[in-house]
Amino acid sequence: ARRAEEELRALTGEALVRSSGKLALLDRLLLRLQRQGSRVLIFSQFTETLDVLEEYAAHRRLRCLRLDGGTNRVVRELDV
């Protein structure tokens, strides 16, 4: 399990997108929505999923805001 986690953390860019059918589908959807000018909100209770989504957003140069348990309450309220 630890090796799989290390391999996942090592993935970046297109390799990250191609590593998962779900992420590849999300990629197509988000790029289409971005072209339409839409905004998207994604919920996850798993911090590792949020890590992957942050890496993906950085790769695609998508603006994102992460709100999780580590986010200061005052900062979170200002950001929202």
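Just so you know, all these numbers are worked out from the coordinates, no wet-lab data involved. Keep in mind the model is a prediction, meaning the values are calculated, not measured. Neighbour counts run over all protein chains shown; Cβ positions are idealised from the backbone, glycine included.
Odds and ends about this structure:
- Pairwise Cα inverse-distance average, inverted: Kirkwood Rh of segment 35-80 (Å): 11.9
- The local environment of D27, defined by Cβ-Cβ distances under 11 Å, has a net charge of +4 under the rule Lys, Arg +1 and Asp, Glu -1.
- From helices alone, the chain scores -19000 deg cm²/dmol at 222 nm; the rule is -39500 (n - 2.57) for each run of n ≥ 4 DSSP H residues, then divide by the residue total.
- Projected onto its three principal axes, the C-alpha set of the chain covers 37, 34, 18 Å, listed from the longest axis down.
- Label-to-label distance, A10 versus R61, with points set 7 angstrom from Cα along the beta-carbon direction: 2.9 nm.
- Taking every alpha-carbon pair under 8 Å whose residues sit at least 6 apart, the chain reaches a relative contact order of 27 percent.
- Gaussian network model of the chain, Cα within-10 Å springs - most flexible of V17, V40, V52: V40
- Counting charges near R61 (Lys, Arg +1; Asp, Glu -1) among other residues having Cβ under 15 Å from its Cβ returns a value of -1.
- Potential lengthening between D51 and S20 on full extension [0.36 nm per residue; Cα-Cα distance subtracted]: 9.7 nm
- On full extension, the segment bounded by Q34 and D79 gains 14.2 nm, given 0.36 nm per residue less the C-alpha separation.
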